[in-house]
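The values are calculated or read from the model by the stated rules, or taken from the named source; none is laboratory data. Note that this is a predicted model, so its numbers are computed, not measured. Heads up, the Cβs are rebuilt from the backbone with ideal geometry, glycines too, and the neighbour counts pull from every protein chain shown.
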Amino acid sequence: MNKHLKNRKPDIRFLRDMSAVVADQDWLKTAPNFEAYYMYRGIETKGNLRYDITVIPAHMMGDEFIKTKGHYHIGSHPEIYIVLEGEAIYLMQKKDDNGQVDDVFAIKAKAGDIAVIPPFYGHVTINPSKQKLKMANWVSMDCKSEYELYEKNRGACWYYTKDSWVKNKKYSEIPDLRFEKPVRELPENWERFLEGE
């Protein structure tokens with residue numbers, strides 16, 4: 001897939017695009033507006049599914065490791081991520097009918113590992129290393145992203161910093177963080193799974 005990226009222009013998420021979800025707002029005031037990550041959408045399609053590649057360079061946002069902005073999927077669409085290079089932490093949280101987070105878990109993954117984002121879970125991807133993270137995802141083209149809860153609460157309910165995991169105090173209730181293992185193979189009937197069938 002590397003050769004396919006050379007002729008493509010990515011969508012770029014700048015630090016300023018992420019300002020609402022950065023933990024250290026004091027650091028943000030004087031931080032340069034660097035390119036946080038690159039999204040190459042629609043590299044490939046398979047039926048109604050889209051294959052994207054995202055590249056997240058190693059960087060810090062103050063004491064916090066670089067991450068994606070974070071979003072929920074409108075509706076019940078799951079998503080599948082595959083780490084191509086580097087390391088990732090996929091931080092997932094589910095909200096109840098009142099908008100309170102009632103479950104949160106993380107998957108630590110390295111090259112070759114697969115993380116499945118379940119239906120109804122919002123998610124953030126963190127690059128916790130000093131190397132570039134390159135990952136691919138398969139998602140339904142009917143899937144739409146919703147950023148409001150993450151923007152309103154300054155990110156996910158947990159931050160990953162150089163010292164440890166830190167609770168985001170913007171949330172009134174924060175479940176304990178648990179860890180799940182990645183998988184090495186795509187789920188059975190994964191195409192139908194992503195379509196919600």
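Observations on the model:
- Among the residues of segment 85-119, the ones that are in contact with a helix residue (DSSP H, G or I) (Cβ under 9 Å, 6 or more places away or on another chain) and surrounded by fewer than 20 Cβ atoms within 10 Å (Cβ to Cβ) come to 2 in all.
- Members of segment 11-29 that are in contact with a Lys or Arg (Cβ under 9 Å, 6 or more places away or on another chain), acidic (Asp, Glu) and surrounded by 13 or more Cβ atoms within 10 Å (Cβ to Cβ): 17
- Among residues of segment 91-141, those that are touching a residue at least 60 places away in the same chain (Cβ under 8 Å), polar (S, T, N, Q) and out of contact with any Ser or Thr (no Cβ under 8 Å at 6 or more places or on another chain), counted: 5
- Among residues of segment 120-135 being assigned to a loop (DSSP other than H, G, I, E, B) and of a type outside the set (Lys, Arg), the one that is surrounded by the most Cβ atoms within 10 Å (Cβ to Cβ) is 127.
- Scan of segment 30-51 for residues that are within 16 Å of residue 12 (Cβ to Cβ), touching a residue at least 24 places away in the same chain (Cβ under 8 Å) and either basic (Lys, Arg) or loosely packed, with under 14 Cβ neighbours inside 10 Å (or both), ordered by number: 34, 41
- Those residues of segment 147-169 which are closer than 27 Å to residue 98 by Cβ and exposed (fewer than 13 other Cβ atoms within 10 Å of the Cβ), in sequence order: 148, 152, 165, 167, 169
- Flag for residue 126 being β-branched (Val, Ile, Thr) and farther than 22 Å from residue 38 by Cα: no
- Filtered residues of segment 66-115 (kept if farther than 17 Å from residue 174 by Cβ and of a type in the set (Gly, Ala, Ser)): 75, 76, 86, 88, 109, 111, 112, 115
- Scanning segment 136-167 for residues that are under 12 Å from the mean Cα position of the chain (by Cα) and in a strand (DSSP E or B) yields 136, 137, 145.
- Qualifying residue in segment 92-110 (condition: assigned to a loop (DSSP other than H, G, I, E, B) and modelled with pLDDT of 95 or more): no
- Summed over segment 173-197, the residues that are in a loop (DSSP other than H, G, I, E, B) and of a type in the set (A, V, I, L, M) give a count of 3.
- Residue in segment 63-83 that is without any contact (Cβ under 8 Å) to a residue 60 or more places away in the chain, over 18 Å from residue 146 (Cβ atoms) and surrounded by fewer than 19 Cβ atoms within 10 Å (Cβ to Cβ) present: no
- Selection count, segment 170-197, where residues are without any contact (Cβ under 8 Å) to a residue 40 or more places away in the chain and surrounded by 11 or more Cβ atoms within 10 Å (Cβ to Cβ): 2
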